[in-house]
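In what follows, a single structure is set out as structure tokens and then discussed.
The values are calculated or read from the model by the stated rules, or taken from the named source; none is laboratory data. On a predicted model such as this, the values are computed, not experimentally measured, just so you know. Methodologically, a virtual Cβ is constructed for each residue, glycine included, from the backbone with ideal geometry; neighbour enumeration extends over all protein chains shown. For the accessible areas, the whole protein counts, side chains as well, though only heavy atoms, and no ligand, DNA or RNA atoms are used. Shrake-Rupley method; radii C 1.70, N 1.55, O 1.52, S 1.80 Å.
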Amino acid sequence: MPALLESCQSLFGSSDLYKVLRVRRESRDGEIRRGYHKVSLEVHPDRVPDGEKEEATLKFQVLGKVYAVLSDQEQRALYDEQGIVDEEAESISQDRNWEEYWRLLFHKVTMEDITSYKEKYQGSEEERTEILQAYMDFEGDMDEIMNSVPCAEYSDEPRIRAIIEKAIKQKKVSSYNAFVKESKKKHSQRQKRGHQEAKEAEQMAKELNLGEGTDDLKALIQKRQKEREKEADSFFAQMEAKYCNNASKGGKKQVKKKKQ
């Protein structure tokens with residue numbers, strides 16, 4: 001296999017390890033781990049069509065090496081300071097079983113995990129902080145905010161808006177026109193999409209006769225991947241990232257920055 005940075009450029013279009021994981025250069029360990037998990041879910045060989053498995057396997061292996069570098073204090077410092085990677089380091093040995101490595105880091109999440117997390121998360125200080133962070137990152141764009149906040153459904157929007165409006169009134173965050181002057185048409189379109197997605201999820205669950213086990217969740221993820229490739233797994237990826245081993249050591253969730 002080519003050198004790591006060369007492989008990143010070839011497979012992901014960038015030799016910047018941080019861009020490959022879609023995280024900031026100043027990201028903390030928890031953000032690095034969640035970035036790795038989210039991207040690896042997209043290219044996991046078990047989650048792509050047969051015709052894409054070969055390329056997905058290569059990407060999966062490279063992602064494992066990228067994470068191994070950025071999760072190692074000395075390797076990350078070397079990369080940050082000199083822009084190079086120690087290809088001889090044991091942590092990125094080509095002989096490593098990256099599938100096994102991945103499974104040691106992350107365990108499968110069940111519907112019970114998600115339900116439990118949602119009950120604890122919604123209304124918490126963590127949720128409030130992440131809502132306001134998303135508001136600032138996306139400069140008040142409610143479409144992006146609703147997409148980035150974990151567990152947020154269209155019915156949660158009034159509550160989320162109230163949190164932001166209170167923070168604006170208290171001058172804790174800036175007032176963005178995209179938020180305070182959002183058009184009724186845009187708001188209506190978002191609500192319509194949310195309502196439709198909720199109906200689709202409900203129908204899908206009925207079709208699959210879903211219960212609350214891991215296999216049922218996996219079946220739902222797989223069906224979403226096939227039918228709605230661009231949107232599939234976004235919610236479940238967020239939730240699975242929350243349930244990786246040693247999660248208590250992680251930092252705040254990294255949200256996607258608004259495109260300039």
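Kindly evaluate K65 against the criterion of being part of a helix (DSSP H, G or I) and closer than 18 Å to L21 by Cβ.
Details: part of a helix (DSSP H, G or I): yes; closer than 18 Å to L21 by Cβ: yes.
When the stated conditions are applied, K65 passes them.
For segment 68-90, how many residues meet the condition of being closer than 19 Å to R33 by Cβ and open to solvent by 30 Å² or more (accessible area, probe 1.4 Å)?
Going residue by residue through segment 68-90, those that are closer than 19 Å to R33 by Cβ are 68-77, 79-80, 85, 89.
Next, from what is left, pick out any that are open to solvent by 30 Å² or more (accessible area, probe 1.4 Å): 71-74, 76-77, 80.
Looking only at that region, the number is 7.
Within segment 123-149, being small (G, A, S) and more than 11 Å from I164 (Cβ to Cβ) holds for G123, S124, S148.
Given the condition open to solvent by 10 Å² or more (accessible area, probe 1.4 Å), touching a residue at least 24 places away in the same chain (Cβ under 8 Å) and part of a helix (DSSP H, G or I), answer yes or no: does some residue in segment 6-13 qualify? Within segment 6-13, one or more residues are open to solvent by 10 Å² or more (accessible area, probe 1.4 Å), touching a residue at least 24 places away in the same chain (Cβ under 8 Å) and part of a helix (DSSP H, G or I).
For segment 14-47, a residue qualifies if it is of a type in the set (A, V, I, L, M) and open to solvent by less than 10 Å² (accessible area, probe 1.4 Å), and the qualifying residues are L17, V20, L21, I32, V39, L41.
For segment 157-177, the criterion of being at pLDDT 90 or above, of a type in the set (V, I, T) and in a loop (DSSP other than H, G, I, E, B) is satisfied by at least one residue. Find all pairs meeting these conditions: Cβ atoms under 8 angstrom apart; at least six residues apart or on different chains; first residue within segment 181-194 and assigned to a helix (DSSP H, G or I); second residue open to solvent by less than 100 Å² (accessible area, probe 1.4 Å) and among the charged types (D, E, K, R). Matching pairs, first to second residue: K186/D143; R190/D143; R190/E157; Q191/E157; G194/E153; G194/E157.
Name the single residue that is most open to solvent (accessible area, probe 1.4 Å) among those in segment 133-161 being of a type in the set (A, V, I, L, M, F, W, C) and more than 17 Å from S183 (Cα to Cα). So that I can check it myself, show each step before the final result.
Of the residues in segment 133-161, the ones of a type in the set (A, V, I, L, M, F, W, C) are 134, 136, 138, 142, 145-146, 149, 151-152, 160.
Going one step further and asking which of them are more than 17 Å from S183 (Cα to Cα), we end up with 134, 136, 149, 151-152, 160.
Values: A134: 0, M136: 78, V149: 5, C151: 4, A152: 28, I160: 1 Å².
It comes out as M136.
Applying the condition of being small (G, A, S) and without any contact (Cβ under 8 Å) to a residue 24 or more places away in the chain to segment 48-67 and asking which residue is surrounded by the most Cβ atoms within 10 Å (Cβ to Cβ) yields A56.
Does E130 qualify as being open to solvent by 80 Å² or more (accessible area, probe 1.4 Å) and closer than 29 Å to R34 by Cα? Working first, answer last.
Working: open to solvent by 80 Å² or more (accessible area, probe 1.4 Å): no; closer than 29 Å to R34 by Cα: yes.
Criteria not met by E130.
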